[in-house]
Amino acid sequence: AAWEKQVRHSSTPRRVNGFSVLVTGAAGFIGSHCSLALKKRGDGVLGLDNFNDYYDPSLKRARQNLLSKHQIFIVEGDLNDGPLLTKLFDVVPFTHVLHLAAQAGVRYAMQNPQSYVKSNIAGFVNLLEVAKAVNPQPAIVWASSSSVYGLNTENPFSERDRTDRPASLYAATKKAGEEIAHTYNHIYGLSLTGLRFFTVYGPWGRPDMAYFFFTKDILQGKPIDIYRTQDQKAVARDFTYIDDVVKGCLGALDTAEKSTGSGGRKKGPAQLRVYNLGNTSPVPVGRLVSILEGLLNTKAKKHVITLPRNGDVPYTHANVTLAYKDFGYKPTTDLASGLRKFVKWYVNYFGIESKHSKETQHFDESS
Ligand code: NAD
Ligand code: UGA
């Protein structure tokens, strides 16, 4: 196959004892950032992505172009393609898998429930089936989600809190992923580390997420909906900047235990670990909007509406003590600084820089 030649060159690690990492979902938001960071520090990276059209695939192609400039190759294929995955492991002796490919988004699960089952459950199982049979087994770090905390509002959330009230099918498939991981760890000794990301945002982000389409709609003068809870409280999220999440992912890979394999009884089986990767500082959606209004120097047309029963949860807030203890995870970017970087990327990517910079100039002069 075409990718085979590329891979034989590109996946050679340069770092001393460098990793060789299969990044699934590499054309995605978090996957593209992590691939670049791994490559930059000298690890070998090969991507896998099916380039589906859940959101504009041209953005995925643009990320792919960026990665290819850094000699990172993305194999186009699906998690459910067992022979393809087996072939990938035959060609490259991956030490690690960073598994980020999934059907993301909470509200879309009401429109297309099967896509969540296919990618987040069947696809994950398929990957684990292949990985368990590889010798030596790769250590796997995979994306879970803050959505597993469901309707919890006692804060902040720590890893031991209850996760038995998923509010969306998306959350249910992420929770299922954690149970499935536990099984593969138990039976086959696979090393599995789950990361519960909290509403990640930043440059090259996902157009289906609120901060992204709010920016678009504010610039186009279109109205936006700001949700409030059923009891009229502000809906809040622990928005987490992409660079902080990338550091967390690399940290988790660095400390992931080696698999023991099913025969590795001597040292005891590798552990199944789950970590929160959040910002530890929840912000109401109204505040997110006012920061964007400031950065875009444009007033939003706001509709405040009661949170529809669409899978959204009222509140998220991460306790990250465990990730700090185990791999020094410490978020450093507040929402205003992170959104500033996002908006800068946005106006540049969509070619509306001149309008924006004029406005910014005007804004600066008058202030
Ligand atoms: P994303 O949609 O940008 O990236 C996922 C990528 O996986 C996409 O490029 C998609 O084409 C690919 N993909 C999906 N199904 C596939 C399949 N069956 N086979 C091969 N490729 C497939 O999303 P993201 O925001 O980068 O999220 C990455 C991971 O983190 C996901 O697992 C998501 O559920 C999880 N997560 C994200 C957030 C967030 O706020 N962004 C929060 C919590 C968890
Ligand atoms: C995000 C991602 O989309 C999920 O893939 C991920 O799993 C989840 O984070 C997570 O942390 O686990 P969400 O927090 O719902 O989910 O992110 P957005 O869809 O961007 O919504 C952000 C906030 O804006 C939410 O509080 C939501 O209720 C609110 N919102 C959304 C509005 O007020 N109005 C809208 O029109 C849309």
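Test residue 111 against the criterion of being within 15 Å of ligand 2 (Cβ to nearest atom), over 19 Å from the mean Cα position of the chain (by Cα) and surrounded by fewer than 24 Cβ atoms within 10 Å (Cβ to Cβ), and give yes or no. Criteria met by residue 111.
Residues that are open to solvent by less than 30 Å² (accessible area, probe 1.4 Å) and at pLDDT below 95 do occur in the range 220-229. Go through 119, 144 for me and flag whichever is touching a residue at least 60 places away in the same chain (Cβ under 8 Å), within 14 Å of ligand 1 (Cβ to nearest atom) and out of contact with any Ser or Thr (no Cβ under 8 Å at 6 or more places or on another chain). After applying the criteria, what remains is 144. Close contacts from the range 17-36, counting a first residue that is free of Cβ contacts under 8 Å to residues at least 60 places away in the same chain and a second that is assigned to a helix (DSSP H, G or I) and within 6 Å of ligand 1 (Cβ to nearest atom), with Cβ to Cβ under 7 Å and a gap of 6+ residues or different chains, come to 27/60.
The set of residues from the range 128-162 being out of contact with any strand residue (DSSP E or B) (no Cβ under 8 Å at 6 or more places or on another chain), open to solvent by 20 Å² or more (accessible area, probe 1.4 Å) and in a loop (DSSP other than H, G, I, E, B) comprises 134, 135, 136, 137, 151, 154, 160, 161, 162. When the range 180-209 is filtered for residues that are open to solvent by 30 Å² or more (accessible area, probe 1.4 Å) and either under 17 Å from residue 286 (Cβ atoms) or away from ligand 1 (no atom under 16 Å from the Cβ) (or both), the ones remaining, listed by number, are 182, 183, 186, 187, 188, 199. Inside the range 298-313, residues that are open to solvent by 30 Å² or more (accessible area, probe 1.4 Å) and either part of a loop (DSSP other than H, G, I, E, B) or in contact with a Pro (Cβ under 8 Å, 6 or more places away or on another chain) (or both) make up a count of 7. Among the residues of the range 184-206, the ones that are more than 8 Å from ligand 2 (Cβ to nearest atom) and either outside any loop (DSSP other than H, G, I, E, B) or over 18 Å from residue 26 (Cβ atoms) (or both) come to 12 in all.
Number of residues in the range 15-37 that are hydrophobic (A, V, I, L, M, F, W, C) and touching a Cys at 6+ places or on another chain (Cβ under 9 Å) equals 6.
The values are calculated or read from the model by the stated rules, or taken from the named source; none is laboratory data. All figures in this text were calculated on a predicted structure; none of them were measured in a lab. Cβ atoms come from the backbone with ideal geometry, glycine included; neighbour counts cover every protein chain shown. Side chains included, ligands, DNA and RNA excluded: accessible areas come from the protein's heavy atoms. Shrake-Rupley method; radii C 1.70, N 1.55, O 1.52, S 1.80 Å.
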